[in-house]
Amino acid sequence: MYKHGIEVTERATSFPSPLSTKYGVQVIFGTAPINLAENPAAAVNRPIKATTFEEAEKALGYSEDWEKYTLCQSMYASFKLFQINPVIFVNVLDPQKHVAELAAKAYEVRGHQAIITATGVIAETIKVSAQIQAARAGSAKTGEAMTAEEPLELANNVDYVKSYDDYGQLVITLLSTSAAYEAAEITAEGKKLDPEMVTEADIIGAYDVETGAETGMEVLRQVYPKHGIVPGILMAPGWTENPNIGAALQAKCEDINGAFRALCLVDLDTTKAKKHTDCKKAKTDAGYDDEHSIVLWPRVQKDGKICAYSAVYGAMMSYSTAANGDVPYLYPSNKELNIDGAVLADGTEVLLDQVQAGDLNGDGIVTAFCDSAWKSYGNNTGCYPDNTDPKDRWIGCRRMFDYVANYFVIEYRKRLDRNMNRRTVDDIVNNFNIWGNSLTAAGMCAGLYAEYRAQENTIEDVLNGHMKLRIYFAPYTPVEYINALMEFDIATLESVMAEEG
């Protein structure tokens, strides 16, 4: 084509460049359409690490039905909205347990293909049959041959092959070598996933003392031994609106693997908290008052799809950590969420002003606020206002205390079992203080250093192989409120008027 003139073309919106984190890793519990996974049996109650959307989809499957398959909310938020990795997914939907019968039903064949319109169909359980024309001997009177339709059970990879389309529906493609190739319809039956059978007990999980098997949130213990990753953010989008599940998640935040600690994200139920003045009671009733919890309200919306606020907030917080030296010193408030709006579960739009959003923050609730763009809004953990200790109430301070504690465990576990002498003590203290000084110099905290006090390490402690250190830490609090006092400058006005005269 001959071109003469001006042309403007558009490209899809660019998302942030992919980033990787070590200290802001999300561990997410929920359900996934594992019938679409490459190996469904390997995707149940196991910590699955994914670094790309394609990797997550391959291991767990993906569906646009975020209400039924809750892990897909975080797949989209983490890999599409923010492009942050890695993410740990724990799917509790079990194809041996959470299934329903797919009753025998006839499906029309077009172009030698039939689509099983139900979702969640487990391909390996499907049985397919078709009516085919079969010749029979003629009648005694006429002696003419007769034809009749007879049912034929079809064999996978002989008469047909199976695949899933872009909507997660199973497609049966008849092979040309099959006697049923020209069939106008087929009959199929089998089993399908039933995510509605998943209960709070499945998400909370348990430890089987006889087999040693761990399910649900108990799988958290496996994350570090299996992947060498310290859990940073615990989540169960779509599930923590249930207070029992949220309480169980809060209880998992400390003493992970006997050493680590993390924050958790919990959502308030928007069917109960329909306006901002309902949230304080909903939070109190749910018992969301832990210093390691971030309480979120309401839900959010992107491209017409509604998801739990925690799915997007967790991805944003993880990305913000990675983008700032993988140190969680910046507060995840007033950060863009890359969403289209805030809504209730039924899609009702939620539009807060600064006063209403501030009221929620004063109750220890983080919300979403539109200020030229949709942003996170709130700096307090769930323990506020009952607990005002700065290391507990401020999200940034709490994260930094957890970060330093987790770093100390990982870095100095290497020095365990050395000889208990001054060289070992000085090595640990000096090395830690060099690191602390680097954080201070970078403006990531006001100060961080360790001390060894001989009077606190008795001979009895030394004989038992115990060392005690003191760590002093001063992370920054947020600039949450600015007050500017304005007054009429009469002197300036008089001066200007005098000059004009």
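The values are calculated or read from the model by the stated rules, or taken from the named source; none is laboratory data. From a predicted model like this one, the values you see are computed outputs, not experimental measurements. Cβ atoms come from the backbone with ideal geometry, glycine included; neighbour counts cover every protein chain shown.
Observations, loosely collected:
- Verdict on residue 203 being of a type in the set (A, V, I, L, M, F, W, C) and part of a helix (DSSP H, G or I): yes
- Test: residue in region 431-446 that is under 30 Å from residue 286 (Cα atoms), surrounded by 11 or more Cβ atoms within 10 Å (Cβ to Cβ) and either under 31 Å from the mean Cα position of the chain (by Cα) or not assigned by TED's automatic domain parsing to the domain that holds residue 288 (or both): no
- Considering region 229-255, and only residues there that are over 16 Å from the mean Cα position of the chain (by Cα) and among the small types (Gly, Ala, Ser), the residue that is surrounded by the most Cβ atoms within 10 Å (Cβ to Cβ) turns out to be 248.
- Of the listed requirements (1) closer than 23 Å to residue 264 by Cβ; (2) in contact with a Cys (Cβ under 8 Å, 6 or more places away or on another chain); (3) not small (Gly, Ala, Ser), residue 439 misses just one: (1).
- Helices (runs of 4 or more DSSP H) contained entirely in region 339-419, each with at least 3 residues that are among the aromatic types (Phe, Trp, Tyr): 395-412
- Of all the residues in region 364-378, those that are surrounded by 22 or more Cβ atoms within 10 Å (Cβ to Cβ) and either out of contact with any strand residue (DSSP E or B) (no Cβ under 6 Å at 6 or more places or on another chain) or among the small types (Gly, Ala, Ser) (or both) number 4.
- Number of positions in region 216-228 that are surrounded by fewer than 19 Cβ atoms within 10 Å (Cβ to Cβ) and not charged (D, E, K, R): 5
- You will find that of 44, 92, 99, the residue that is crowded, with 16+ Cβ neighbours inside 10 Å, over 22 Å from the mean Cα position of the chain (by Cα) and modelled with pLDDT of 95 or more is 99 and no other.
- Residues that are assigned by TED's automatic domain parsing to the domain that holds residue 236, more than 26 Å from residue 444 (Cα to Cα) and outside any loop (DSSP other than H, G, I, E, B) do not occur anywhere in region 329-337.
- Complete set of residues in region 456-488 that are in contact (Cβ under 8 Å) with a residue 24 or more places away in the chain and not in a loop (DSSP other than H, G, I, E, B): 462, 471, 472, 473, 474
- Filtered residues of region 93-112 (kept if of a type in the set (Val, Ile, Thr) and under 20 Å from residue 173 (Cα atoms)): 109
- Residue 69 part of a loop (DSSP other than H, G, I, E, B) and closer than 16 Å to residue 314 by Cα: no
- Tabulated pairs, region 345-359, first within 15 Å of residue 307 (Cβ to Cβ), second assigned to a loop (DSSP other than H, G, I, E, B), C-beta under 6 angstrom, 6+ apart or interchain: 345/270; 345/271; 350/298
- When the criteria are applied in full, residue 81 fails the requirement of being in the same structural domain as residue 41 (by TED's automatic domain parsing) and either under 27 Å from residue 201 (Cα atoms) or of a type in the set (D, E, K, R) (or both).
- Set 393, 413, 399: member being at pLDDT 95 or above and within 19 Å of residue 255 (Cβ to Cβ): 399
- With respect to the stated conditions, residue 264 is outside any loop (DSSP other than H, G, I, E, B), in contact with a His (Cβ under 8 Å, 6 or more places away or on another chain) and either of a type outside the set (D, E, K, R) or closer than 22 Å to residue 66 by Cβ (or both).
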